[in-house]
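Report on one structure; see the data block that follows.
The values are calculated or read from the model by the stated rules, or taken from the named source; none is laboratory data. What you see is a predicted model; the values in this text were computed from it and never measured. Virtual Cβ from ideal backbone geometry, glycine too; neighbours counted across all protein chains shown.
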Amino acid sequence: MTKIKICGLTTPQDAQTVNSVKADFAGIVLFFPKSRRNLSVTQAASVLFALNPSVSSVAVTVSPTPSQAAEIQSLGFDYIQIHGELSAETLQVLTIPILRAFNMSDTTQYDRSRQNEKIAGYVFDAQTPGSGKTFDWSLVKPVRDCRKPWLLAGGLHSCNVADAIRTLHPWGVDVSSGVETAGISGKDPSKIHAFVQAVREADQLLSREN
């Protein structure tokens with residue numbers, strides 16, 4: 001079964017929708033004010049409280065400082081997803097599993113991170129995370145043979161995620177803007193349900209073919 005991560009949750013209502021579809025991961029953006037989905041620590045705590053314990057919580061960050069990493073851990077997140085830089089000082093502070101995120105126009109940091117035991121998996125994303133834009137999926141093929149779990153992100157939605165699963169067979173898929181609607185605050189429950197259904201149907205089809 002392809003793992004499903006719904007990213008960029010901003011409200012307890014978003015968390016309740018994620019609970020209802022039994023997603024595997026839920027992402028919450030912290031310490032990145034440039035993102036319209038960025039939450040304060042207090043806001044993040046309220047979303048975490050509403051999240052079912054069976055859904056793994058992921059703090060999504062960009063180049064976090066050691067103090068930010070420590071605060072994320074104190075909130076009780078299950079994972080931290082790190083874009084940008086990962087300093088040795090921040091790495092030393094972290095005890096929760098790390099999902100290392102890379103845009104597929106630059107995989108040099110991926111090569112340097114492969115032997116790090118604290119990194120539990122990878123997120124292969126578009127050049128601008130959260131932009132809702134896809135990228136050339138053929139770029140993933142040289143690195144997708146990594147021995148750790150990896151999630152495909154970047155412009156996924158209910159109409160293209162089945163194609164992504166058939167083409168790349170990712171361990172998991174990661175969606176944010178693809179389950180949002182302009183003018184609606186937070187996530188669109190109908191789009192989350194449609195996305196999850198598309199993933200499950202793609203899994204069933206692959207299972208029958210194999």
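Side notes on the structure shown:
- When we screen VAL60, VAL47, VAL29 for residues that are in a helix (DSSP H, G or I) and on the phi < 0 side of the Ramachandran plot, the only hit is VAL47.
- Number of positions in segment 157-179 that are free of Cβ contacts under 8 Å to residues at least 24 places away in the same chain and within 16 Å of the chain's Cα centre (by Cα): 0
- Here ILE82 meets the list (1) assigned to a loop (DSSP other than H, G, I, E, B); (2) under 24 Å from PRO149 (Cβ atoms) almost entirely, failing just condition (1).
- Criterion: of a type in the set (Gly, Ala, Ser), modelled with pLDDT of 85 or more, in contact with a Pro (Cβ under 6 Å, 6 or more places away or on another chain) and closer than 22 Å to TYR79 by Cα - qualifying residue of ALA101, ALA120, ALA153: ALA120
- Every residue from segment 20-54 that is of a type outside the set (A, V, I, L, M) and under 20 Å from PRO64 (Cα atoms): GLY27, PHE31, PHE32, PRO33, LYS34, SER35, ARG36, ARG37, ASN38, SER40, THR42, GLN43
- With respect to the conditions (1) surrounded by 13 or more Cβ atoms within 10 Å (Cβ to Cβ); (2) assigned to a helix (DSSP H, G or I); (3) modelled with pLDDT under 95, ARG112 falls short on a single one, namely (1).
- When each of SER54, SER35, SER74 is tested for being touching a residue at least 12 places away in the same chain (Cβ under 8 Å) and farther than 19 Å from GLU180 by Cβ, the lone residue that passes is SER54.
- The single condition among (1) at pLDDT 95 or above; (2) hydrophobic (A, V, I, L, M, F, W, C); (3) farther than 17 Å from VAL175 by Cβ that VAL58 does not satisfy is (3).
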